[in-house]
Every structure is written in structure tokens, then in C-alpha cells.
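Reading through the C-alpha cells given below for one structure.
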Amino acid sequence: MTQETMATRAEQLINLENKHGAHNYHPLPVVLSRGQGVFVWDTDGKKYYDFLSAYSAVNQGHCHPKIVKALTEQAERLTLTSRAFYNDALGEYEKYITNYFGYDKVLPMNTGAEAVETALKICRKWAYEKKGIAEDQAKILVFDENFHGRTITIVSFSSDPVANTNFGPYTGGFVRIEYNNVAALEQAISADPNIAGVLVEPIQGEAGVNRPDNNFMSEIRRVCTNAGVLFIADEVQTGIARTGSLLATCGDCTCSHKCERSAQPTYVRADMIILGKALSGGVYPVSGVLCDNEIMEVIRPGEHGSTFGGNPIAAKVAMAALDVVYDEKLTQNARKLGEILRSRLTEFAKTNDLITGVRGKGLLNAILINDTPESSTAWDLCLALRDNGLLAKPTHGNIIRLAPPLVMTEEQLHNCCDIIEKTFKRFKK
């Protein structure tokens, strides 16, 4: 019997990836073959709670029947025309999503990184044609510990050495300052008339669910408005109900779509929002940038695009995915369950030396592990959680991100808290 036949099916599949695929990820050693709602199953049939949601792409739960139906029905009719021709789904989708989020226009793309690149291009072009900045002088202000994707331009302004070491030469035109520092923001903008936009994550997910002060978004809005600078919110991970509001930029606004958001005193409106991930419920790559006419009109035929951006499947899938968020009240559920999760884990942390803190908003949360980022403790804890039926993943070495699908019930959440507490109690370094 050969070594290959002796290996389990999971081991064979892992070995296939290691042999034939680039080693640009370090997955937790579990091989998944099926998902439904808040659960996934591995190749041996073991069932797990998914507490990562594909980095918040699966807010609506795995294989939501309404979204899958939209995908399959459209796939049988028309999949792709490119934008060389009109199709009968895109206009309907563009009207739907702009009404849903309250902006005039959308530029549809496929991935989150593509959407970020799109927003950067729009901002720069707006700077030259509307703000009057001299050609090639526009700058965009970003923040330390940001994560907006992995293209050359985006890693050019990353502060993570893993993301940007040995990928130069890098793209210029970015100024990086400390996150959650209003004084640094005001100083940077007042010192440089060539600042055209501010790109920000309302909560820094990859940085370990780094949540700023409650007024940080409103302060960015104030500073940008006063300086005539575009406020660009990267809501790829935080948007679409994940944090207990439709957009995390909204702060503590408790609205959902189709409401009078202007009546909410804490509502903050960015000039551009970048969406992806849960825009399709994890069923298909769909992303986009939304803004008003005065900004979007700087983009003209041939200046930006994508063969797959705005394809009929993406249009139908995204509408179904956003319907699910509204119809199933996922914004409200994320807000309620997030409060329960943080309350339980904060109380538990008082009795467990492995935890130094619990933070987050809605159902985007993190446990801070009492060890160095270089240690394997968080990774080993995630292996133990896996063995006990819950899948999570470390970030920044000693932080465990907790982000289950928003369709989770209160009973299921308590079951998951039980698993987490049991695992931490029994864990030995």
C-alpha cells in the first residue's frame, strides 16, 4: 500500500493543494465539503459551527436557498455579455442597490480589492477634474494597520511587512497616519492641499477587529467636509449588517434600508462606499463602489471597467443577497447577538488567564490572547476549537476573530459560547 493510499481523504486533499497550489495561505487543517446556514461539514462528515463566515462574506449563511436559486436560474438563462452590450439584469440591479444604500450611482466590480482600486481611481480623477489638484499630485490619506487587499497599489500603503516586503517598487500618492487619531487627521489634511480623499475601514478587521472611538467616523466626516476631501469607507468586510448596522460607517445608527436615515442623529454618510464579500452572500464574486453623480460622472467610457463586472449572475445574486438581509432582519440579529456574545465572553475572561480582552461590534468580534504575536497559542486554541466543533482563525498572531453567519439563532450562539468556554478552560499551553 502506497503512502498516498494510506493517507486519509482530507490529508490527500491537503497534500494536493500543497503540491500543486501556491503557498500564499496558511489554512487551518480542516477540509470542508458542505455548508448550510451556520454549519459546515468536513470530508469525514464532522459538523462544525462556522465562526469566520469566509471573512464575513457568508453573512446570510452558507448556501442560502434564495440566493442559490437566483444564481442557478440566471445561470441557465444568461451568464455573461461583457459590457459591450446591455443585459436585462444590470439596470434593475443598479436601481435596486443605489436605492438600498441611498447613492446615485454604482460602479460594479467583482472582488473587494478591485472595488478598492476602483475607488482610488475615481478619487484621483475627481481630484483633478473637480477639486483642481495639479495632475499627478493627488494624495489619498490612509491609516496604520490598514487592510484593503493585496494588489501592488494597495500593499504600497500597507504597514504590514508580510503584505509588502519584496513587492516593490511601490505606488506613490498615499499618506499614512495613526488610526483613530483625529488630531493627526486634521494636521495631515491641513498641511497638504493635495489630499484628495481619506480611505478608512470603520473597524479594522484584519488588524484584529480594531474598533475606533464611537465618534471617529463622524470626525472624519467633519474634517473631510470642511476641507473638501472625499470620505471613502471600505465596507467590504464591515458592511451589509455585520456590525449591527447596515453600514459600520453609520456608527450607532440602528436603521435598516428604506428608512429615513437622515432622522438618525448618529448617521454618518461617506462620499464613497466600497462593498464586496456579503454583497453576494458568499455565492459569487460581487463588489462595487457607490457614490453620487457629482463624483461618479468623472468616469467615462473606456476609463475603467471589467469583463465580468456587472454580469447578469452577479446582478441577480446581489439583489437576492440584499433581500435576505432585509427580509430576515439580519442587521437587528447581528446587533442583538453581538451584545450577548461580548457579554458572555467578557464575563468568562474574568475567570480565564488566557484572555486579556474581548472587543468588537455586532457579530464582528475578537478575543485577545494573553501571549505574544509570535507565539502559537492562538493557533493552537483554534485547533482545539476545531476539535470541539467550532471553526475560527487567528489574525495578527495572538487575536482570534469571531464572525459567525448573521442567521445564527440565540440558542446556537449560546452553544458556541459553551464550546469556546469549555475549550479555553481545558487548554494547556
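Coordinate-derived values only; no laboratory data. Keep in mind it's a predicted model, so treat the numbers as computed, not measured. Backbone-built Cβ (ideal geometry, glycine too); neighbour counts: all protein chains shown.
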Under 1.5 on a/c is rounded, so check that first for the range 159-223, then, if it is not, pick prolate when a/b is larger than b/c and oblate when it is not; a ≥ b ≥ c are the square roots of the alpha carbon gyration tensor eigenvalues. oblate
What angle do you read, to the nearest 10 degrees and between 0 and 90, between the alpha-carbon axis of helix 9-20 and the longest principal axis of the chain? 40 degrees
Work out the FRET efficiency for Leu383 and Glu135 from their Cβ-Cβ distance, taking R0 = 45 Å, and round it to the nearest 0.05. 0.25
In whole percent, what relative contact order does the range 65-327 give with Cα contacts below 8 Å and a gap of six or more residues? 31 percent
The simple spin-label model distance between Asn226 and Gln36, using points 7 Å out along Cα→Cβ, in nm, is 5.6 nm
Could I have the simple spin-label model distance between Glu17 and Tyr170, label points 7 Å from Cα toward Cβ, reported in nm to one decimal? 2.9 nm
Does a label point 7 Å from the Cα of Arg9, set along Cα-to-beta-carbon, have any residues of the range 44-86 with amide nitrogen under 11 Å, and which are they? 44-46
Under a Cβ-Cβ cut-off of 10 Å, what is the net charge of the residues other than Ala89 that fall near it, where Lys and Arg count +1 and Asp and Glu count -1? -1
Just want the ordering: Trp41, Trp126, from fewest to most Cβ atoms lying within 10 Å of their own Cβ. Trp41, Trp126
Let a ≥ b ≥ c be the square roots of the eigenvalues of the Cα gyration tensor of the range 116-212; is it rounded (a/c under 1.5), or, if not, prolate (a/b larger than b/c) or oblate? oblate
How high is the relative contact order of the range 131-214? Use alpha-carbon pairs under 8 Å, at least six apart in sequence, and give a whole percent. 39 percent
A correct fewest-to-most ranking of Leu107, Leu322 by other Cβ atoms within 10 Å would be Leu107, Leu322
Tensor-based shape of the range 1-77 (alpha-carbon gyration tensor, a/c under 1.5 rounded, otherwise prolate or oblate): prolate
What is the Cα centroid distance between the range 49-76 and the range 98-123, reported in whole angstrom? 21 Å
Need one number: % antiparallel among DSSP beta bridges in the range 139-235, to the nearest 5. 10 percent
Using a 7 Å offset from the Cα along the Cα-to-Cβ direction at both Ser190 and Ser375, what is the distance between the two label points in nm, to one decimal? 4.3 nm
Most exposed first, judged by fewest Cβ atoms within 10 angstrom, Lys139, Lys277, Lys105 run Lys105, Lys139, Lys277
The range 65-327 - charge dipole about Cα centre, Lys and Arg +1 at Cβ, Asp and Glu -1, debye rounded to 20: 380 debye
Per DSSP, loop trypsin sites (Lys or Arg not before Pro) in the range 304-390 with at most 12 further Cβ within 10 Å: Lys350
Per DSSP, the loop-located GluC sites (Glu not before Pro) within the range 158-246 having at most 15 other beta carbons within 10 Å are Glu178
quick note, the chain, DSSP beta bridge pairs, % antiparallel (nearest 5) is 65 percent
Kirkwood hydrodynamic radius (C-alpha pairs) into Stokes-Einstein, the chain, 20 °C and 1.002 mPa s, D in µm²/s: 95 µm²/s
What number, rounded to the nearest 500 deg cm²/dmol, is the helix-based mean residue ellipticity at 222 nm of the chain, given -39500 (n - 2.57) per DSSP H run of at least four residues and division by all its residues? -11000 deg cm²/dmol
For the range 22-69, what does the relative contact order come out to in percent, with C-alpha contacts under 8 Å and a separation of six or more? 30 percent
What does the net charge come to around Pro193 if you take all other residues with beta carbon closer than 11 Å to its beta carbon, with K and R at +1 and D and E at -1? +1
